[in-house]
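K.L.:
This structure is in C-alpha cells; I'll ask about it shortly.
The values are calculated or read from the model by the stated rules, or taken from the named source; none is laboratory data. What you see is a predicted model; the values in this text were computed from it and never measured. Here the Cβ is made from the backbone with ideal geometry for all residues, glycine too, and neighbour counts use every protein chain on show. Note: areas computed on protein heavy atoms with side chains; ligands, DNA, RNA excluded. Shrake-Rupley method; radii C 1.70, N 1.55, O 1.52, S 1.80 Å.
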Amino acid sequence: TGLQNYEATITGKWLAMLKEIAPSVQRAALIGNPYRSDFDYFLEAAETLAPSLAIKIVPVRVGNIPIDIERAIETFARQPNGSLVLPPDGTTIQNRDLIVGLAARHRLPAVYAFRFFVTAGGLMSYATDLVDQYRRAAAYVDRILRGAYPADLPVQAPTKYQTVINLKTAKALNLDVPAIVLVRADEVIE
C-alpha cells in the first residue's frame, strides 16, 4: 500500500543517515508504542533494509510510562555501537525530552521523525515537511468547500521532506558530520 511504501522509504533513509553520520553503528533500537502507531510497519521495513547497511534492528516496544522507556534505552545502551530510530509515535512525542536526554547520556546517535526532537537537542531528523502538508491540506479543504466530494479526491503522499542536523549534539557525541550530509540538510542547528 501507499503507507507501507512511505514507511519503507523513510525508514531506509533514517538508517542510511545513521550509518553516514556514525559509521560504527551496528545496532539500531526502533522505539515505539505498538498500540499507538504504525510500529509494526516501520519495524518490518527496518528489518528488511537494515542488513544491507550491516545494522541489526532491535525492536523496543514501549508503553506510556516513562520508566519503561528509560529502562528500555538503558538496557539497549549496555552494548556498544548502538543507535536509536524513533518513527512517528505519540508516546515518544510525549516523552521527547526524556528520550533526547537518554540518547545524550548514553551517547547514542539517534534519528527522529520530527524536527522538534532536534531543536530539543536530538541529533537529526528526516521527516515530511509539515508546512508543505498543511498547505496541501488547505487546498483540499478549499476544494471540499467548493463542492467536491471528499471520496473523489485522490490520496496524496508526502512529496517534500526535510533534513535537520544538530551540530552541537554531533560534537557532544564526538561525531564528524560528513560535508555531503551538511550540504543535503535543509537546516543545520549550531
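K.L.:
Taking the stretch 164-181, which residues are open to solvent by 60 Å² or more (accessible area, probe 1.4 Å) and hydrophobic (A, V, I, L, M, F, W, C)?
P.N.:
Listed by number, the residues that qualify are ALA172, ALA179, ILE180.
K.L.:
What number goes with the only condition from (1) outside any loop (DSSP other than H, G, I, E, B); (2) modelled with pLDDT of 95 or more; (3) under 27 Å from LEU182 (Cα atoms); (4) open to solvent by 60 Å² or more (accessible area, probe 1.4 Å) that THR75 does not pass?
P.N.:
It is condition (3) that THR75 fails.
K.L.:
On the given criteria, is SER24 of a type in the set (Gly, Ala, Ser), assigned to a strand (DSSP E or B) and over 25 Å from ALA157 (Cβ atoms)?
P.N.:
no
K.L.:
Looking at (1) under 16 Å from the mean Cα position of the chain (by Cα); (2) within 30 Å of PRO66 (Cβ to Cβ); (3) touching a residue at least 24 places away in the same chain (Cβ under 8 Å), find the lone condition where ILE93 falls short.
P.N.:
(3)
K.L.:
Against the condition without any contact (Cβ under 8 Å) to a residue 40 or more places away in the chain, part of a helix (DSSP H, G or I) and surrounded by fewer than 16 Cβ atoms within 10 Å (Cβ to Cβ), how does THR48 come out, does it pass? Break it down stepwise before answering.
P.N.:
Values: without any contact (Cβ under 8 Å) to a residue 40 or more places away in the chain: no; part of a helix (DSSP H, G or I): yes; surrounded by fewer than 16 Cβ atoms within 10 Å (Cβ to Cβ): yes.
Considered against the rule, which asks whether it is without any contact (Cβ under 8 Å) to a residue 40 or more places away in the chain, part of a helix (DSSP H, G or I) and surrounded by fewer than 16 Cβ atoms within 10 Å (Cβ to Cβ), THR48 comes out as no.
K.L.:
Now for a separate question. Scanning for something open to solvent by 70 Å² or more (accessible area, probe 1.4 Å) and among the acidic types (Asp, Glu), does the stretch 20-30 turn up at least one residue?
P.N.:
So far as the stretch 20-30 goes, no, none of its residues is open to solvent by 70 Å² or more (accessible area, probe 1.4 Å) and among the acidic types (Asp, Glu).
K.L.:
Restricted to the stretch 87-109, and to residues that are at pLDDT below 95 and outside any loop (DSSP other than H, G, I, E, B), which residue is surrounded by the fewest Cβ atoms within 10 Å (Cβ to Cβ)?
P.N.:
Checked the stretch 87-109; the qualifying residue surrounded by the fewest Cβ atoms within 10 Å (Cβ to Cβ) is GLY90.
K.L.:
Sticking with this structure for a sec: Just give me the residues in the stretch 128-169 being free of Cβ contacts under 8 Å to residues at least 40 places away in the same chain and touching a helix residue (DSSP H, G or I) at 6+ places or on another chain (Cβ under 7 Å), in sequence order.
P.N.:
Answer for the stretch 128-169, where residues must be free of Cβ contacts under 8 Å to residues at least 40 places away in the same chain and touching a helix residue (DSSP H, G or I) at 6+ places or on another chain (Cβ under 7 Å): ILE144, PRO150, LEU153, GLN156, LYS160.
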